[in-house]
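All remarks here apply to the structure that follows.
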Amino acid sequence: MTAPSTSPDQNAPYDLVGVGIGPFNLSLAALADGVPGFRSLFLDAKPAFSWHPGLLMEGTTLQVPFLADLVTMVDPTSPWSYLNYLRAHERMFKFFFSERFHIPRREYDHYCRWVAERLSSCRFDARVTALEWDETADAFAVVHRSADGEQTRVLTRQVVLGVGTDPVVPAPLRPLLTDTHAGRVLHSADYRVHRARLGAADDVTVIGAGQSGAEVALDLLRNQDGDGRGGPYVRWLARTAAFAPMEYSKIGLEHFTPDYIRFFRDLPETTRERLTAEQWQLYKGVSEETLGEIYDELYERTIGGGEPRASLHPAVEVLAAEADGDRYLLTCRSRQQDSVFEIRTAAVVSATGYAASRPAFLKKMADLVDWDVKGRYQVDGDYRVALDPRVSGTLYVQNAEMHTHGVGAPDLTLGAWRAATILNAAVGKAVLPVAPRQAFTTFGAPQEPAPVPDQPPAVHVPAPAETQR
């Protein structure tokens, strides 16, 4: 554990307070740990670090390489790197021989917990209940409360919101998210909690064509008996026109670079929103490996003339849902045929993603934030939120800026780079230099005319021998 940075006056405002300790704010905490004299504090309501615990199934892996850890993409010498985690756990040779580029999700979660438990700036069991601007102190006041009711108020000149995103469930299913239907209608974020119950059901419908939906469908298929007769019938629905693989070409991945963010930020809002919708395969597709595993499971069921107890339905949306005795009736529409049909199922898992929302503790700050016309943060190139001029402090945000920065906002690849960008702005100087250009791709028109290549030197070609004089 590193020693906490100190200030001569411990009652003075912190330089920075982070609200929420997910991977993104944990990255910022890890990078800030090496800045002398910089006082930071990070708060989270959970009793300890956890990352999507409902989807930490055996065999699932990160969709980004291990180098996209908390620090390496900007500071590979940091003691908080994934490689140093391996070294600390005496697993370096094991990792080397495993030849893994994409590590298990369970291991990534354990790595982040290892970092969070050793950073003195990270404080759990600290639910932030209020954030306000204190004009007298010329600082933000952050109020947090522990599980036993103890309340603490701290001052800071800068705040970073890293509260994560909330599960999104289609409107027809929301009335069924009650205790009465617990474990039978749920978001995939809670899948692992109810995994055994779902595996014992006779029919489960999974909604959503992203990686989470694919992993839930695959896990349920594997819960069937070897001949496919036992376990639940697995039905997989998706609004998208196909169960499509994630864009993972080397050139395509350059959309997850600072270069693309700078290009995207300069586009008109209508263009940004159109592009984000069109680029769904960059962040909502499924890994080719997972799609292949699902296909292999289905193929196994056909050996000896059998049929898989499963069905896949792309281009389908759920229009209505209601309880029907001990089952659920889903009214669906084929988007391509414009035809309506019904499905009866014993359980529904909505793997329909996550979205940023406005946290309740911002209530006292609401009138001081310059929201856009859709009620979203307006975020500049250094991830500062636009505020009323009366506020001299700075509010930053992480993973709530897809509308201004593009599809890389929720991606771990850019996590360390964004944290370094925020840290440099918060410190007021480049404590972590960030390279200006990272992509081979030129997004948009070239900023300068392309240079005209030099003309090759003239080559003298002798005349044929018979014409020479």
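Of the listed requirements (1) crowded, with 19+ Cβ neighbours inside 10 Å; (2) closer than 30 Å to H187 by Cβ, S81 misses just one: (2). Among the residues of segment 333-343, just one is touching a residue at least 60 places away in the same chain (Cβ under 8 Å), more than 29 Å from the chain's Cα centre (by Cα) and surrounded by 12 or more Cβ atoms within 10 Å (Cβ to Cβ), namely I343.
For segment 32-57, the candidate set comprises residues that are open to solvent by less than 10 Å² (accessible area, probe 1.4 Å) and assigned to a helix (DSSP H, G or I); within that set, the residue that is nearest to V128 (Cα to Cα) is A32.
Here is a check on your reading of the model: is Y328 surrounded by 14 or more Cβ atoms within 10 Å (Cβ to Cβ), touching a residue at least 24 places away in the same chain (Cβ under 8 Å) and farther than 19 Å from A209 by Cα? In short, yes.
Looking across segment 342-355 at every residue that is in contact with a Pro (Cβ under 9 Å, 6 or more places away or on another chain) and of a type in the set (G, A, S), the one that is farthest from V318 (Cα to Cα) is identified as A355. From the list I294, I303, the one residue that fits, being part of a loop (DSSP other than H, G, I, E, B), β-branched (V, I, T) and out of contact with any Cys (no Cβ under 7 Å at 6 or more places or on another chain), is I303.
Does V407 count as farther than 22 Å from F42 by Cα, out of contact with any Lys or Arg (no Cβ under 6 Å at 6 or more places or on another chain), open to solvent by less than 40 Å² (accessible area, probe 1.4 Å) and modelled with pLDDT under 95? Before the answer, list the steps.
Values: farther than 22 Å from F42 by Cα: yes; out of contact with any Lys or Arg (no Cβ under 6 Å at 6 or more places or on another chain): yes; open to solvent by less than 40 Å² (accessible area, probe 1.4 Å): yes; modelled with pLDDT under 95: yes.
Yes: the conditions hold for V407.
One residue stands out among those in segment 88-104 that are part of a loop (DSSP other than H, G, I, E, B) and touching a Leu at 6+ places or on another chain (Cβ under 7 Å): the one that is nearest to F256 (Cα to Cα), which is H102. Within segment 293-306, the set of residues being surrounded by fewer than 16 Cβ atoms within 10 Å (Cβ to Cβ), touching a residue at least 40 places away in the same chain (Cβ under 8 Å) and either among the charged types (D, E, K, R) or in contact with a strand residue (DSSP E or B) (Cβ under 6 Å, 6 or more places away or on another chain) (or both) comprises E300 only. Against the conditions (1) in contact with a Lys or Arg (Cβ under 8 Å, 6 or more places away or on another chain); (2) modelled with pLDDT under 95, V143 satisfies every one except (2).
Scanning segment 344-354 for residues that are open to solvent by less than 90 Å² (accessible area, probe 1.4 Å) and part of a strand (DSSP E or B) yields T345, A347, V348, V349, S350, Y354.
When the test is whether a residue is open to solvent by 20 Å² or more (accessible area, probe 1.4 Å), touching a residue at least 12 places away in the same chain (Cβ under 8 Å) and touching a helix residue (DSSP H, G or I) at 6+ places or on another chain (Cβ under 6 Å), R222 does not pass it. Of the residues F93, F101, F97, the single one that is closer than 19 Å to G415 by Cβ, exposed (fewer than 15 other Cβ atoms within 10 Å of the Cβ) and aromatic (F, W, Y) is F101. Residues in segment 68-87 that are without any contact (Cβ under 8 Å) to a residue 12 or more places away in the chain and in a loop (DSSP other than H, G, I, E, B): 2 in all. Here L26 clears all of (1) in a loop (DSSP other than H, G, I, E, B); (2) at pLDDT 95 or above; (3) within 30 Å of S249 (Cα to Cα) except the condition numbered (1). Filter segment 65-120 down to residues that are within 23 Å of the chain's Cα centre (by Cα) and among the small types (G, A, S) and give me whichever is farthest from L41 (Cα to Cα). Filtering first and then ranking leaves A68.
Among the residues making up segment 355-383, those that are open to solvent by 50 Å² or more (accessible area, probe 1.4 Å), within 23 Å of E269 (Cα to Cα) and touching an Asp or Glu at 6+ places or on another chain (Cβ under 6 Å) are S357, Q378. Among residues of segment 102-118 that are among the hydroxyl-bearing types (S, T, Y), those with a Cβ under 6 angstrom from a residue that is assigned to a helix (DSSP H, G or I), sequence gap 6+ or separate chain, pair up as Y111/Y82; Y111/Y85. Please verify whether G208 is modelled with pLDDT under 95, surrounded by 22 or more Cβ atoms within 10 Å (Cβ to Cβ) and out of contact with any helix residue (DSSP H, G or I) (no Cβ under 6 Å at 6 or more places or on another chain), treating the condition exactly as stated. Against the criterion (modelled with pLDDT under 95, surrounded by 22 or more Cβ atoms within 10 Å (Cβ to Cβ) and out of contact with any helix residue (DSSP H, G or I) (no Cβ under 6 Å at 6 or more places or on another chain)), G208 does not qualify.
The values are calculated or read from the model by the stated rules, or taken from the named source; none is laboratory data. Just so we're clear, the structure is a prediction, and the values are computed from it rather than from any experiment. Ideal geometry is used to build each Cβ from the backbone, glycine not excepted, and the neighbour counts take in all protein chains shown. With ligands, DNA and RNA removed, areas are computed over all heavy atoms of the protein, side chains included. Shrake-Rupley method; radii C 1.70, N 1.55, O 1.52, S 1.80 Å.
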